[in-house]
Amino acid sequence: MPRKTLIITDVTAMSGDNVCIAGYDSSLTCIRPVLSMGQVKKSYLFKNGQLIVYPSTKISFDFIRPVSMPPHTEDFIFEGDTIRFEGRTTEIEWKDLLHKTSHQTFRELFPLLQDRSVQPGSAGPSLGTLIPTDVPVLSCDYYKDPPRLRMKILDREGVTKERVPITDLAFRKLFEVILQDYGNDCEKTVQKLNNTLKGREIYFRFGLSRPFAGSSDPTREVCWLQINGIHTFPNLYDYSRWIALE
């Protein structure tokens, strides 16, 4: 396959120092760059100590071949040492991309979504953009310490998805820093974040996880709904501050 340039839309936190990245090529095809073996590390987001891979950047890769494990139909294997920074989008280009790839409802986004999950092997896609109907509401989930962020989102058909986990790497870091500033008071932290989101135009990047069992039924592996990216206008944060090579 030829070298492709993607506008990056997703930089997602995985376990440990692993990340997941995704974006769109010039034909508006969504691609998730993956390695033939192992997972993409956070260090792949940097070059010479500087952050180069983050939402709204143009990044080129040498792709080898597609690999499909439905519903994850966007995966393309790339050569790990071929990541190259090709510039940034303008705000107009960035907003235009999100708008052109957006959906109004969860039904349009993931037709086979049941509650908050999809069965492994179901038809794709596993990534997409959604414009919420109303300002989403963050909340705290105390099933682990420290508490985890969850979000409630309403779509244009009146369908609500509650307690959706956030895997957006930058937003999670923002949450952690504010949580620490507030002495680990999660309620004050989400109140501040909810107030920050008010008045902004919001685009969500949703994804489906790789199959794993939830706590409600340890024997049933499904692909869970998650929020891969929270993109706002005006912009919520400086990515270089919230995505650090640690």
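Averaging the sequence gap over all C-alpha pairs within less than 8 Å and six or more residues apart, then dividing by the number of residues, gives region 120-215 a relative contact order of 34 percent. Please compute one quarter of the surface area of the Cα convex hull for region 53-177 and express it in square nanometres. Average projection, Cα convex hull of region 53-177: 9.9 nm². Grab the Cα-Cα distance for residue 238 and residue 100, subtract it from 0.36 nm times how many residues apart they are, and report the gain in nm with one decimal. Extra length available between residue 238 and residue 100 comes to 47.3 nm. Kindly provide the trypsin sites (Lys or Arg not before Pro) of region 117-156 that DSSP labels as loop, not H, G, I, E or B, and whose Cβ sees at most 13 other Cβ atoms within 10 Å. The qualifying sites are 144.
Take the Cα of residue 177, step 7 Å toward its Cβ, do the same at residue 156, and the gap between the two points is 3.4 nm. Our estimate of slack between residue 46 and residue 144, defined as 0.36 nm per intervening residue step minus the Cα-Cα distance, is 32.2 nm.
Bridging of residue 4 to lysines at a Cα separation below 19 Å is possible for 47, 58, once same-chain residues fewer than 8 apart are set aside. Database note for the chain: Cys without another Cys beta carbon under 4.7 angstrom, 20, 30, 223. Pairs spanning more than 18 Å between alpha-carbon atoms, out of 100/161; 152/198; 41/144; 161/188; 95/173: 100/161; 41/144; 161/188; 95/173. Using C-alpha pairs below 8 Å separated by at least 6 residues, the relative contact order for region 8-82 is 29 percent.
Each listed q (0.15 Å⁻¹) maps to a log10 I(q)/I(0) for the chain from the Debye sum over equal C-alpha point scatterers, namely -1.11. Among the helices of the chain, those built from whole DSSP H runs whose Cα atoms reach 15 Å or more along their own axis and whose mean Kyte-Doolittle hydropathy is at least -1.0 are 169-181, 186-197.
Label sites at residue 82 and residue 220, each approximated as a point 7 angstrom past Cα along Cα to Cβ, lie 4.1 nm apart. Here region 27-167 is treated with +1 on each Lys and Arg Cβ and -1 on each Asp and Glu Cβ, and its dipole about the Cα centre works out to around 280 debye.
All of the numbers you see were taken from the coordinates with simple rules; none came from a lab. None of the values given here were measured: they were computed from a predicted structure. In this analysis, Cβ positions are derived from the backbone assuming ideal geometry, glycine residues included, and neighbour counts consider all displayed protein chains.
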